[in-house]
Amino acid sequence: MRPLIVANWKCNPSTFADAKKLFTAVDRGAKGKRATAVICPPFVFIPGLSALKKKNIKLGAQDAFFQEGPFTSQISAKMLKQFGCEYAIIGHSERRALGESDEIVNKKIKAVVSAGLCPILCIGESGQEREEGKTKEVLERQLGLGLKDISRFKIQDSKLTIAYEPIWAIGTGNACDTDRAKEANIIIRKTMTRIYGKSAANKVKIIYGGSTNPDNALGFVKEAGMNGLLSGGASLDAKKFIAILSKF
Ligand code: PEP
């Protein structure tokens, strides 16, 4: 599998001029790289960045709403598709912290799949859940509920990616060690196999996110068997993000 390296810019940068600069620099740096680079900027920058028609990177969104109509402030998966988005991050822990439930995550995944975007489903345990030995239970629950009633065929066609993002590792500079990431990877693959069968489960990409940087990036793929990375902080620095891409 070609590694998938996803940049989650979160609520950054503050101007479109800076977003354009970062996007253009990453596109230039991504030329000829083996990994697929996906940039997920804030919604408001998507149309402008999409118009730049870059060749070496793909566009994604940080979320997508499941319905159109009287839903103030929301942006639907279908709207994002029109502006060149190919991917959508769903269920990021920063959204779950604002009250997004597994049931809402499930509706969003379904909407993303039917709009023809590739979903990136984020799952991961909190520090407390890790200490209480609940990592497996949390991952299984988030997968079961997040993907509820989505058929094997849809999963196969959707190019689903699961991002294992332990909450305690996000934005802390305290990345997960590769042994623990490998354990999570195995739990996710086994759970997907149990739900969807081996052939569909093996088509799903499993990536790691949480304080990745150019020094630890390769370990998550080589040692933990991940199919790529989701990068937050490091993706806001073109040099660092390109250095991560260049590892593969
Ligand atoms: C993220 O926001 O998904 C993330 C992994 O952030 P960071 O790389 O900054 O930990």
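Residues that are closer than 15 Å to ILE206 by Cβ, open to solvent by less than 30 Å² (accessible area, probe 1.4 Å) and away from the ligand (no atom under 16 Å from the Cβ): does the range 129-138 have at least one? Yes - at least one qualifying residue is present in the range 129-138. Scanning the range 91-111 for residues that are under 21 Å from CYS11 (Cβ atoms) and touching a residue at least 40 places away in the same chain (Cβ under 8 Å) gives GLY91, HIS92, SER93, GLU94, VAL105, LYS108.
Taking the stated definitions as given, is ILE104 of a type in the set (Val, Ile, Thr), part of a strand (DSSP E or B) and closer than 25 Å to PHE153 by Cα? Against the criterion (of a type in the set (Val, Ile, Thr), part of a strand (DSSP E or B) and closer than 25 Å to PHE153 by Cα), ILE104 does not qualify.
How many of the residues making up the range 230-248 are of a type in the set (Phe, Trp, Tyr) and either within 10 Å of the ligand (Cβ to nearest atom) or open to solvent by less than 30 Å² (accessible area, probe 1.4 Å) (or both)?
Residues meeting the conditions: 1.
Would you confirm whether any residue within the range 58-70 is open to solvent by less than 20 Å² (accessible area, probe 1.4 Å), under 20 Å from ALA19 (Cα atoms) and of a type outside the set (Gly, Ala, Ser)? Scanning the range 58-70, I find at least one residue that is open to solvent by less than 20 Å² (accessible area, probe 1.4 Å), under 20 Å from ALA19 (Cα atoms) and of a type outside the set (Gly, Ala, Ser), so the answer is yes.
The values are calculated or read from the model by the stated rules, or taken from the named source; none is laboratory data. As the structure is a computational prediction, the values presented were derived from the model and not from experiment. Cβ sites come from the backbone with ideal geometry, for glycine too, and all protein chains shown count toward neighbours. Just so you know, the surface numbers come from the protein's heavy atoms only, side chains and all, with ligands and any DNA or RNA stripped out. Shrake-Rupley method; radii C 1.70, N 1.55, O 1.52, S 1.80 Å.
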